[in-house]
Amino acid sequence: MSKTAILVDGGFYRKRSKQLWGKHSAQESADALIVYCHRHLTEHYRKHDLYRIFYYDCPPIDKQVFHPLTQKTKNLGISEQSLWMREFLSALGQKRKVALRLGFLDTSNTVYTFNYETVKQICSGTVTKETLNHSNFVLTISQKGVDMKLGIDIASLSYKRQVDQIVLIAGDSDFVPAAKLARREGIDLVLDSLGLDIDKDSDLLRHIDGMRSCGNPYRVTDKAAP
């Protein structure tokens with residue numbers, strides 16, 4: 001039986017799963033992620049032994065940020081999203097064979113800015129200072145260290161021959177160098193873009209061994225693995 005490691009780009013997974021399957025509680029989301037990952041262990045002709053699920057993300061920000069519209073500071077640490085994220089990471093960290101690989105958020109450059117559509121409307125004169133509302137603003141936060149940790153883990157798993165297969169749940173080409181390395185070391189590398197279309201000319205498609213996505217993990221009768 002071959003051994004499989006499943007690597008999850010958390011930011012991508014959370015955004016894409018919400019688009020596909022809607023909003024759920026932190027505990028339900030943690031359970032569903034485990035169910036989803038375990039589905040990758042069964043293919044049409046073979047079964048795989050789980051080495052570990054690696055989850056890459058950042059803990060929520062705990063900072064007061066000035067909002068230019070309200071002219072007041074907002075405590076992001078007590079927001080609904082921050083509370084959900086803390087509970088989600090806590091629940092996920094208690095799951096068997098799950099390793100959390102956490103980076104950090106760049107708090108020094110966390111600001112509210114106009115979203116792209118608002119910039120176009122301001123330039124065309126359809127939006128003015130008087131007609132601005134909360135939907136015109138987006139919170140800009142940069143992740144640090146997440147992609148690096150994921151790339152290092154792919155390299156380590158490959159060089160040490162700890163697994164035969166790596167399933168990468170991600171949706172962009174940031175991980176192409178790591179994918180190329182894994183394949184050179186003889187690792188079967190499978191991409192799961194959660195049904196997101198990948199450009200046929202993308203470097204990412206040229207450096208994987210196949211693509212596979214699983215169904216809605218919330219529509220199950222069996223319980224998630226511990």
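Taken as a whole, the structure leaves Asn115 outside the set of residues that are more than 25 Å from Val167 (Cβ to Cβ), touching a Ser or Thr at 6+ places or on another chain (Cβ under 6 Å), among the polar types (S, T, N, Q) and surrounded by 13 or more Cβ atoms within 10 Å (Cβ to Cβ).
Just one of the numbered conditions (1) over 16 Å from Tyr13 (Cβ atoms); (2) more than 16 Å from the chain's Cα centre (by Cα) is not true of Met148: (2). Restricted to region 141-174, and to residues that are polar (S, T, N, Q), at pLDDT 85 or above and not in a helix (DSSP H, G or I), which residue is surrounded by the fewest Cβ atoms within 10 Å (Cβ to Cβ)? Residue satisfying both the conditions and the ranking: Gln162. Once region 121-140 is narrowed to residues that are closer than 29 Å to Gln81 by Cβ and β-branched (Val, Ile, Thr), the residue that is surrounded by the most Cβ atoms within 10 Å (Cβ to Cβ) is Val127. When you look at Pro60, is it over 21 Å from Ser193 (Cα atoms), buried (at least 17 other Cβ atoms within 10 Å of the Cβ) and out of contact with any Pro (no Cβ under 8 Å at 6 or more places or on another chain), yes or no? Yes, satisfied. If you go through region 197-213 and pick out every residue that is over 19 Å from Leu150 (Cα atoms) and surrounded by 15 or more Cβ atoms within 10 Å (Cβ to Cβ), you end up with 2.
Of everything in region 1-26 that is surrounded by fewer than 21 Cβ atoms within 10 Å (Cβ to Cβ) and charged (D, E, K, R), the residue that is nearest to Leu191 (Cα to Cα) is Arg16. Of all residues in region 6-35, those being more than 20 Å from Gly103 (Cα to Cα) and in contact with a strand residue (DSSP E or B) (Cβ under 8 Å, 6 or more places away or on another chain) number 1. Filter region 179-189 down to residues that are in contact with a Leu (Cβ under 7 Å, 6 or more places away or on another chain) and among the small types (Gly, Ala, Ser) and give me whichever is nearest to Phe12 (Cα to Cα). For region 179-189, the residue satisfying everything is Ala179.
Of all residues being exposed (fewer than 15 other Cβ atoms within 10 Å of the Cβ) and touching a residue at least 40 places away in the same chain (Cβ under 8 Å) in region 101-110, which is nearest to Lys129 (Cα to Cα)? Just the residue, please. Across region 101-110, the extreme among qualifying residues is Thr107.
The values are calculated or read from the model by the stated rules, or taken from the named source; none is laboratory data. It should be emphasised that the depicted structure is a prediction, and the values quoted were computed from it without experimental measurement. Glycine also receives a Cβ, built like all others from the backbone with ideal geometry; neighbour counts cover every protein chain displayed.
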